[in-house]
Amino acid sequence: MQYYDQHLHTYFSFDSEEQFESYLAYQPEFFVSTDHFDLSNPSTGKNDIPDYSAYVKKLEQLKASSATKFLRGIEIGVVPGQEDQIIAYLNQHPHDLKLISIHQNGRFDYMDDVVLTKDPIQTTHEYFDQMLKVLMQFPEGDILTHFDYGLRRFTFTPEELAEHFETQLIAIFKKVVERELAMELNAKSFLKYGNEDLYRYAVPLYQSVGGKLFTLGSDAHVAEDYQLGFKEMGQLLTDCQVENLLVVQGKERYLTPLPIL
């Protein structure tokens, strides 16, 4: 099995209009979309929940006309206090791949302009506190996505990350290891937001507490970004002596070689 993109969005996400067929032009052996699930989303002022029945129907239609194997995925934005409601939803709507994300805190999304009016260090401490609390209280998930999402509007250096947040990051990464989750290298963060240096700091830190499971995710919202950054992120992992990536297909997990692009 070759590794494939495990973080991308379609028109079932509130912030994408992309069609499945546009991604399928790349002729992947496997395809999984991970559309947004965000309750009380400050970006839209409502619960953003993919239309599951329409999603399943669409996948069944695609199966009939494509050699690609389709899986059901979801990106779950978690705010402490929402755990029971999210778990109840997931119990009724099975998925093969569940991404855990911290996008917002119930008041604002960490990408909103209001973040620029806040103290960077205090806000980032709150962000990482939220991430750790979610990892401790929310039992679902396969992959922790974009650890740096809450830092994208700031300009921290690796040295500043180590000085101010290393204790929190060690606790987070220890929990990721304990739960046998994978750490995602996220192409939007890595390339579009220029956070490669933060990943070059964070990956060895994760490894230092026993972290071995990694994934690459384009976080594509348009098909042109399918497998975005895989070459660059793969090189970082190679530099860190990582040889394999995790693929999740329901209860089955596979280690696949780093893609050669």
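The values are calculated or read from the model by the stated rules, or taken from the named source; none is laboratory data. All figures in this text were calculated on a predicted structure; none of them were measured in a lab. Please note: Cβ atoms are built from the backbone with ideal geometry, for glycine as well, and neighbour counts cover all protein chains shown. When the accessible area is computed, the model is the full protein with side chains, heavy atoms only, and any ligands, DNA or RNA have been set aside. Shrake-Rupley method; radii C 1.70, N 1.55, O 1.52, S 1.80 Å.
In region 208-261, what count of residues is obtained for those that are assigned to a strand (DSSP E or B) and touching a Ser or Thr at 6+ places or on another chain (Cβ under 9 Å)? Write out each step before concluding.
Let us first name the residues in region 208-261 that are assigned to a strand (DSSP E or B), namely 214-217, 220, 244-249, 252-257.
Remaining after also requiring touching a Ser or Thr at 6+ places or on another chain (Cβ under 9 Å): 215, 217, 220, 244-248.
Residues meeting the conditions: 8.
Which numbered condition in (1) surrounded by 14 or more Cβ atoms within 10 Å (Cβ to Cβ); (2) on the phi > 0 side of the Ramachandran plot is the only one that residue 45 fails? Result: residue 45 passes all but (1). When 70, 30, 37 are checked against the criterion of being touching a helix residue (DSSP H, G or I) at 6+ places or on another chain (Cβ under 6 Å) and surrounded by 15 or more Cβ atoms within 10 Å (Cβ to Cβ), a single residue qualifies: 70. For region 211-258, a residue qualifies if it is closer than 18 Å to residue 33 by Cβ and aromatic (Phe, Trp, Tyr), and the qualifying residues are 226, 230.
For region 115-141, a residue qualifies if it is open to solvent by 10 Å² or more (accessible area, probe 1.4 Å) and in contact with a Pro (Cβ under 9 Å, 6 or more places away or on another chain), and the qualifying residues are 130, 133, 137.
Take residue 243 and tell me if it is among the charged types (D, E, K, R) and surrounded by 14 or more Cβ atoms within 10 Å (Cβ to Cβ). Please lay out each step first, then the result.
On the way: among the charged types (D, E, K, R): yes; surrounded by 14 or more Cβ atoms within 10 Å (Cβ to Cβ): no.
For residue 243, the condition - among the charged types (D, E, K, R) and surrounded by 14 or more Cβ atoms within 10 Å (Cβ to Cβ) - is not met.
Note on region 142-154: among residues that are touching a helix residue (DSSP H, G or I) at 6+ places or on another chain (Cβ under 8 Å) and outside any helix (DSSP H, G or I), the one that is surrounded by the fewest Cβ atoms within 10 Å (Cβ to Cβ) is 154.
Only one of 255, 245 is of a type in the set (A, V, I, L, M) and in contact (Cβ under 8 Å) with a residue 12 or more places away in the chain; which? Exactly one of 255, 245 is of a type in the set (A, V, I, L, M) and in contact (Cβ under 8 Å) with a residue 12 or more places away in the chain, namely 245.
The condition (being basic (Lys, Arg), closer than 24 Å to residue 250 by Cα and at pLDDT 95 or above) is satisfied by just one residue among 118, 133, 98: 98.
Determine whether residue 134 is over 20 Å from residue 197 (Cβ atoms) and assigned to a helix (DSSP H, G or I). Explain how you work it out, then say what you get.
On the way: over 20 Å from residue 197 (Cβ atoms): yes; assigned to a helix (DSSP H, G or I): yes.
Spelling it out, residue 134 is indeed over 20 Å from residue 197 (Cβ atoms) and assigned to a helix (DSSP H, G or I).
Restricting 107, 72 to those that are part of a strand (DSSP E or B) and either over 21 Å from residue 251 (Cβ atoms) or of a type in the set (Lys, Arg) (or both) reduces the list to 72. When region 191-227 is filtered for residues that are charged (D, E, K, R) and either closer than 18 Å to residue 152 by Cα or open to solvent by 60 Å² or more (accessible area, probe 1.4 Å) (or both), the ones remaining, listed by number, are 192, 196, 197, 200, 212, 219, 224.
Taking the numbered list (1) under 29 Å from residue 59 (Cβ atoms); (2) open to solvent by 40 Å² or more (accessible area, probe 1.4 Å) in turn, residue 164 passes all entries but (1). Do we have any residue at all in region 30-48 that's without any contact (Cβ under 8 Å) to a residue 12 or more places away in the chain and in a loop (DSSP other than H, G, I, E, B)? Taking every residue of region 30-48 in turn, at least one turns out to be without any contact (Cβ under 8 Å) to a residue 12 or more places away in the chain and in a loop (DSSP other than H, G, I, E, B).
Across region 167-190, the qualifying residues are those that are more than 17 Å from the chain's Cα centre (by Cα) and among the charged types (D, E, K, R), and the one among them that is surrounded by the most Cβ atoms within 10 Å (Cβ to Cβ) is 174.
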